[in-house]
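The values are calculated or read from the model by the stated rules, or taken from the named source; none is laboratory data. Remember, it's a predicted structure, so these values are computed and weren't measured experimentally. Backbone-built Cβ (ideal geometry, glycine too); neighbour counts: all protein chains shown. Please note that ligands, DNA and RNA were not included when accessible areas were found on the heavy atoms of the full protein model with its side chains. Shrake-Rupley method; radii C 1.70, N 1.55, O 1.52, S 1.80 Å.
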Amino acid sequence: FFRDIAFETSLYGDFAYVAAGEKGIVSLDMSDLTEIDQITVWTNGGDINALDLEYNPTKTFMLIAMGQYGLAKATTNGGDISLNTLKETESPVTAVVTDGTKVYAVEQGRGIEVFDAVTLESLANVSLTGATQLLLDGTTLYVLDDTLGLVVYSISGNTLTQIGTYDFGVSGGFFNLYQNNDLLYLTAGENGLIVVDASNVNSLTSLATYD
């Protein structure tokens with residue numbers, strides 16, 4: 001299906017949607033794991049560079065980081081994908097998360113843009129030129145930055161307030177982050193895996209490192 005290109009995936013029922021860069025979004029039927037079938041490849045007429053995607057909490061629409069083409073909002077039906085809205089942005093969109101009301105997107109080399117989830121109207125921007133990845137947990141937004149490491153923001157309305165920056169002794173930055181309850185897992189390349197206690201978002205602490 002992908003020939004070594006698969007950036008992110010989102011699941012909905014028996015279907016998986018995979019962001020596959022310039023190849024588009026590949027939808028798969030996962031109802032029989034012994035024989036996964038490709039349903040379709042959505043390419044937006046060729047104007048696509050799908051780098052990240054995420055469903056809103058009610059699964060009524062999907063947000064897609066489209067690289068140089070901006071931010072897309074799409075609906076899905078039985079594996080088929082239909083474009084709802086395409087928002088042009090000042091810089092390529094490389095990562096996206098949503099709570100269903102607002103959308104938080106990384107604009108490469110620019111920072112974090114906040115959009116209305118219904119209209120994709122821009123609501124706010126935070127300058128963070130090294131931002132790469134996002135993780136949303138209620139009113140807390142975790143951002144990976146190439147230079148700063150892990151940057152933590154508190155969300156109030158359309159305002160993002162920085163409440164902490166952590167590198168945990170890693171100079172090369174982090175590649176991705178995952179969450180399980182009050183624990184964050186940071187992948188750090190040659191520096192391995194760092195487990196972080198995030199029970200107090202105002203003061204994160206490193207619990208363990210595996211390298």
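For the chain, the carbon plus sulfur part of the accessible surface works out to 44%, probe radius 1.4 Å.
The simple Förster model, with R0 at 35 Å and r as the Cβ-Cβ distance, assigns Thr159 and Ile5 a FRET efficiency of 0.45. For Ile163, nonlocal amide neighbours, meaning residues 5 or more places apart or on other chains whose placed amide H falls under 5 Å from its own, are Val152, Tyr153, Ser154.
Just to be sure I follow: if Rg is taken over the C-alpha atoms of region 147-211 and Rh is the Kirkwood radius over the same atoms, what is Rg/Rh? Here the Rg-to-Rh quotient is 0.98.
Comparing Val196, Val152, Val97 in a Gaussian network model of the chain, where Cα atoms under 10 Å apart are tied by springs, the biggest mean-square fluctuation is seen for Val196.
Dividing the convex hull volume of the alpha carbon atoms of the chain by its residue count gives 129 Å³ per residue.
Consider a paramagnetic label point 7 Å from the Cα of Glu90 along Cα→Cβ; state which residues of region 66-82 have an amide N under 20 Å from it. The answer is 66-72. Whole-Hz Karplus values for region 95-108 come out as 8, 8, 9, 8, 9, x, 9, 10, 10, 10, 10, 8, 9, 3 Hz, taken residue by residue from phi with 6.51 cos²θ - 1.76 cosθ + 1.60 and θ = phi - 60°; glycine and proline positions read x.
Between Asp137 and Tyr142, the built amide H atoms are under 5 Å apart, and every one of these is 5 or more places off in sequence or on another chain. Taking all protein chains as shown and a probe of 1.4 angstrom, Leu136 keeps an accessible surface of around 40 Å². Under the combined filter of DSSP loop state and at most 15 neighbouring Cβ atoms within 10 Å, region 92-200 retains these chymotrypsin sites (Phe, Trp or Tyr not before Pro): Phe175. Residues whose amide H comes within less than 5 Å of that of Asp146, counting only those at least five positions distant or on another chain, are Gly130, Ala131, Thr132 (H built at 1.01 Å from N in the peptide plane). Dipole magnitude for the chain: about 380 debye, using +1 per Lys or Arg Cβ and -1 per Asp or Glu Cβ, origin at the Cα centre.
Of the trypsin sites (Lys or Arg not before Pro) found in region 28-99, the ones in coil according to DSSP and having at most 14 other Cβ atoms within 10 Å of their Cβ are Lys59.
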